[in-house]
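To start, the structure itself, in structure tokens.
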Amino acid sequence: MRVTAVEGDITEQRVDAVVNAANRGMRGGGGVDGAIHRVGGPEVLEDCVRRFPEGLATGDAGWTTAGGLPARWVVHVVGPDRNAGETDRGLLVSCYVRALEVADELGVRTIALPLVGAGVYGWSAEDSVDAALEGVAAAEARGSGVEEVRIVAFGRAAYDVVRTRVEQGQSRSTT
Ligand code: AR6
């Protein structure tokens, strides 16, 4: 599995699936969630309502159509809200583990991940990218068919964190 770091907007990624940093209600919000619903259009929300009438649990993932996005699917995950006292980083790792499991159910080869939890929910970019790399390791260990995981950082500072961590992860796995 190839892990890459890019600086940019998750809604512009030409991949099979993009991951959304949603909330338990799954009815839209700000940040990544707002951008995905804005660019994906009403079909994304309609599919959220249809497929997830009760929303999703923290740490879980579920897919919908991607509507007008270049991607084919959105895999929604719900990060733990650190600012609301959800400080179990296992739930952050679980978001990425579950996202990659759902990606495999869909036959996804390329997936773009934002830094789940690293905005309104109050985790650091380091926490989120480390959780993402643990999710990737778990997916590799079970023989995932995903070929490219693109971690999309919004802004230069987050990108520098992601690039450094991804490079460290790669040097660890080749030694
Ligand atoms: N593309 C890539 N990354 C982005 C984009 C974008 N278009 N926009 C923001 N980021 P956040 P969370 C970065 O707040 O912390 C919503 O209201 C951002 O800089 O989107 O999991 C939901 O509905 C940060 O590094 O997600 C939930 O209620 C990272 O993406 C809640 O916020 C995540 O920031 C979820 O909060």
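The values are calculated or read from the model by the stated rules, or taken from the named source; none is laboratory data. Remember, it's a predicted structure, so these values are computed and weren't measured experimentally. No Cβ is skipped: glycine too gets one built from the backbone with ideal geometry, and neighbour counts run over all protein chains shown. The accessibility values were calculated without ligands, DNA or RNA, using every heavy atom of the protein model including side chains. Shrake-Rupley method; radii C 1.70, N 1.55, O 1.52, S 1.80 Å.
Using the alpha-carbon atoms, what tilt in degrees (0 to 90, nearest 10) does helix 42-51 show relative to the longest principal axis of the chain?
The helix 42-51 is inclined about 90 degrees to the chain.
Counting other Cβ atoms within 10 Å, keep those with at most 16, restrict to DSSP loop, and tell me which GluC sites (Glu not before Pro) in the range 1-84 are left.
Counting only loop positions with at most 16 other Cβ atoms within 10 Å, the GluC sites (Glu not before Pro) in the range 1-84 are E54.
Build a GNM of the chain with springs between Cα atoms under 10 Å: which of G117, G62, G30 gets the top mean-square fluctuation?
G30
Of the DSSP beta bridges with both residues in the range 1-122, give the percent that are antiparallel, rounding to the nearest 5. Walk me through the numbers before you get to the answer.
On the way: 5 of 13 bridges.
Roughly 40 percent of the DSSP beta bridges within the range 1-122 come out antiparallel.
What value does the range 106-152 have for Rg/Rh, both radii from Cα atoms and Rh as Kirkwood defines it? Walk me through the numbers on the way to the answer.
Values: Rg = 11.6 Å, Rh = 11.4 Å.
Here the Rg-to-Rh quotient is 1.02.
Given the Cα atoms of the range 1-42, and with Rh set as the inverse mean 1/r over their pairs in the Kirkwood sense, what is Rg to Rh to two decimals? Walk me through the numbers on the way to the answer.
Values: Rg = 11.4 Å, Rh = 11.5 Å.
So for the range 1-42, dividing Rg by the Kirkwood Rh gives 1.00.
Leaving out ligands, DNA and RNA, and with a 1.4 Å probe, what % of the accessible surface on the range 1-139 is carbon or sulfur?
On the way: 2710 of 5720 Å².
Roughly 47 percent of what the probe reaches on the range 1-139 is carbon or sulfur.
Would you check the accessible area of D130, probe 1.4 Å, heavy atoms only, in square angstrom rounded to 10?
Solvent-accessible area, nearest 10 Å²: 50 Å².
Given a 1.4 Å probe and heavy atoms of the protein chains only, how would you sort L115, L92, largest accessible area at the top? Write out the running numbers ahead of the final one.
On the way: L115 30, L92 0 Å².
Solvent-accessible surface, decreasing: L115, L92.
Sequence gap at least 6, Cα distance under 8 Å: using those rules, report the relative contact order of the chain to the nearest whole percent. Each step should come with its number before you reach the end.
Details: 369 pairs, mean separation 51.9, N = 175.
Across the chain, relative contact order equals 30 percent.
Kindly report the accessible area of the chain per residue (heavy atoms of protein chains, probe 1.4 Å, no ligands, DNA or RNA), in Å². Intermediate values should be presented prior to the final figure.
Details: 7940 Å² over 175 residues.
Averaged over the residues of the chain, the accessible area is 45 Å².
Please report the orientation-averaged projected area of the chain, defined via the convex hull of its C-alpha atoms, in nm². Intermediate values should be presented prior to the final figure.
Details: hull surface 35.3 nm².
Mean orientational projected area (the chain, Cα hull): 8.8 nm².
All other residues with a Cβ under 11 Å from the Cβ of R24 taken together, and with Lys, Arg as +1 and Asp, Glu as -1, what is their net charge? Write down the numbers at each step before the final one.
Numbers: positive: R27; negative: E54, D60, D81, E86.
Result for the neighbourhood of R24: -3.
Can you give me the Cα centroid spacing of the range 31-94 and the range 112-175 in angstrom?
Using only Cα atoms, the two centres lie 18 Å from each other.
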